[in-house]
1. How do the pairs read when you match residues in the stretch 39-59 that are over 13 Å from GLU25 (Cα atoms) with residues anywhere that are of a type in the set (A, V, I, L, M) and assigned to a helix (DSSP H, G or I), using Cβ under 9 Å and keeping only pairs 6 or more apart or on different chains?
2. In the set ARG24, ARG72, ARG78, which member is loosely packed, with under 14 Cβ neighbours inside 10 Å and modelled with pLDDT of 95 or more?
Amino acid sequence: MLLGGVGNDYATSGLRLGGGEATREPIAFGMVRPSLANGLAVTHPNLTTNDVICRKHLTEQRTRYVEQLLERERAELRNLSAR
């Protein structure tokens, strides 16, 4: 769940994606590492640094990011071993 707006009322305001209840410890989008934030911004272009994101979605994005890194590494290894 991505939630817009920072403050005490974050659980009931702003952008909500993913359904379910808000987590207890959302993270300000502006505090997310740039590599993860870039991936989230592609799928959710309306996010701003003032929005907050739940840990579930941040973990999902982190998993996708690591999978992409590993796939690039595998491709590089395949290219090297093909030489």
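1. LEU40/LEU58; LEU47/ALA37; LEU47/LEU40; LEU47/ALA41; THR49/MET31; THR49/ALA37
2. Details: ARG24 fails: modelled with pLDDT of 95 or more; ARG78 fails: modelled with pLDDT of 95 or more.
Just a single option satisfies the conditions, and that option is ARG72.
The values are calculated or read from the model by the stated rules, or taken from the named source; none is laboratory data. The shown structure was predicted, so the numbers you read here are calculated from the model rather than taken from an experiment. Neighbour counts run over all protein chains shown; Cβ positions are idealised from the backbone, glycine included.
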